[in-house]
Amino acid sequence: MSAVAPLPFAPAAVVFDMDGLMLDSERAITDCMVRAAEETGHALPPSLWLELIGSAEDACRERLAGLLGAGPADALLARADALYETVVDAGVPHRPGIVPLLDWLERHALPRAVATSTRRPLALRKLRRAGLLERFHAVCTSSDVARPKPAPDVYLLAARRLGVAPARCLVLEDSPTGVRAALAAGMLPVQVPDLLAPDEEVRALGHRIVASLDEVRGLLEAVVAERRGDGACARD
C-alpha cells in the first residue's frame, strides 16, 4: 500500500466495527455459508460470499432469496447459523493487533464503542467469548437502529452514547459498506481490509486504507505526539 496520510486531528473517541475488524469472523462466517449451501444442495459462486461481507442479516437474506427463493434461502441461512453457533461458542479468534490497540487507547483514556451490523444478542456473545466486551464503553448493533449500514444510524448512535460529536470520532472498518456508513455519519474512517480488497470505486471515497491494526495504532501515536509537540518521545 502507498503511504497513508496522517490523521487530521486527534480523535475524541474511537468506534470499532466487529466482524472482520476485531474478530477473525468473516472467514468463519463465509466457511459456514459455503458449507450450508453445499449441504442444502445449492451451487453458488464464491464471489457471492464476498459481496455479502459487511451486510446486515436482512440484506443477506434478501440477496439469497433473490437467487434461490425465500424458502430455500431461509433454510440455507438457518443451517449456516447452526454451524456458526459452534464457532461462536468456541470463541472467535482476534484479528492481529486488536489487543495492543485497545491497550493503547485505554492508556490514553479514549472512549471506545462497537458499531456492528450483527444483532445484539449474538454481538454480545461474540465479544464476551472473545474477551473484549468489557473493553468498550458502548456496544451498538443493528438491533438498536432502524437502518443498518451503509446508513449512518449505528455510528450516530455510538457517538451519542459516548457523548462525542460525530466529527470527532475515528471509525475503524474492514468493509466498504461500513466505510460508507461512517462517511455518512460525518466521521473519519480508516479501513483495515480483511477478505475484501478495496477496488477503485471504494478507493475513490478518499478515506485512509491501512494494512493492519498496528498501522492504525501508529497513526494515532503520531497524531498524539504532534499534538503534544514531543515527536517520537510520545510513542508508547
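Of note:
- For region 162-178, the residues whose amide N sits under 18 Å from a probe point set 7 Å from the Cα of Leu205 along the beta carbon direction are 166-178.
- With each label modelled as a point 7 angstrom along the Cα→C-beta vector, the Ser212-Leu67 pair spans 3.3 nm.
- The simple spin-label model puts a point 7 Å past each Cα toward its Cβ; for Thr40 and Arg160 those points are separated by 3.4 nm.
- Cα gyration tensor, region 122-202 - rounded (a/c under 1.5), prolate or oblate: oblate
- Globularity index of region 8-139 is 1.18 (Cα radius of gyration / 2.2 N^0.38 Å, N = number of residues).
- Across region 204-217, computed HN-Hα scalar couplings (Karplus, 6.51 cos²θ - 1.76 cosθ + 1.60, θ = phi - 60°) run 5, 5, x, 8, 7, 10, 10, 8, 7, 5, 5, 5, 4, 4 Hz from first to last residue, x flagging Gly and Pro.
- Nitroxide proxy distance, nm - points 7 Å out along Cα→Cβ at Ala90 and Glu57: 2.2
- D (Stokes-Einstein, µm²/s), Kirkwood Cα radius, region 25-90, 1.567 mPa s at 4 °C: 110
- Amide H contacts under 5 Å for Ala13: Leu170, restricted to partners 5 or more places along the chain or on a different chain, H placed in the peptide plane at 1.01 Å from N.
- Beta bridge orientation in the chain: antiparallel %, DSSP, nearest 5: 5
- Neighbour counting of Cβ atoms within 10 Å sorts the residues Phe16, Phe136, Phe9, fewest neighbours leading, into Phe9, Phe136, Phe16.
- Charge dipole (Cα centre; +1 on Lys/Arg Cβ, -1 on Asp/Glu Cβ; no other charges) of region 37-162 amounts to roughly 580 debye.
- The angle between the Cα long axis of helix 120-129 and the main principal axis of the chain comes to about 70°, on a 0 to 90 degree scale.
- The fraction of Cα-Cα pairs per 5 angstrom bin, counted from 0 for the chain, comes to 1, 7, 14, 18, 20, 16, 11, 7, 4, 2, 1, 0, 0 percent, rounded to whole percents.
Throughout, read-outs are computed from the coordinates displayed, never taken from laboratory work. Being a predicted model, the structure only gives us computed values, none of them experimental. Note that each Cβ is placed from the backbone with ideal geometry, even for glycine, and that neighbours are counted across all protein chains shown.
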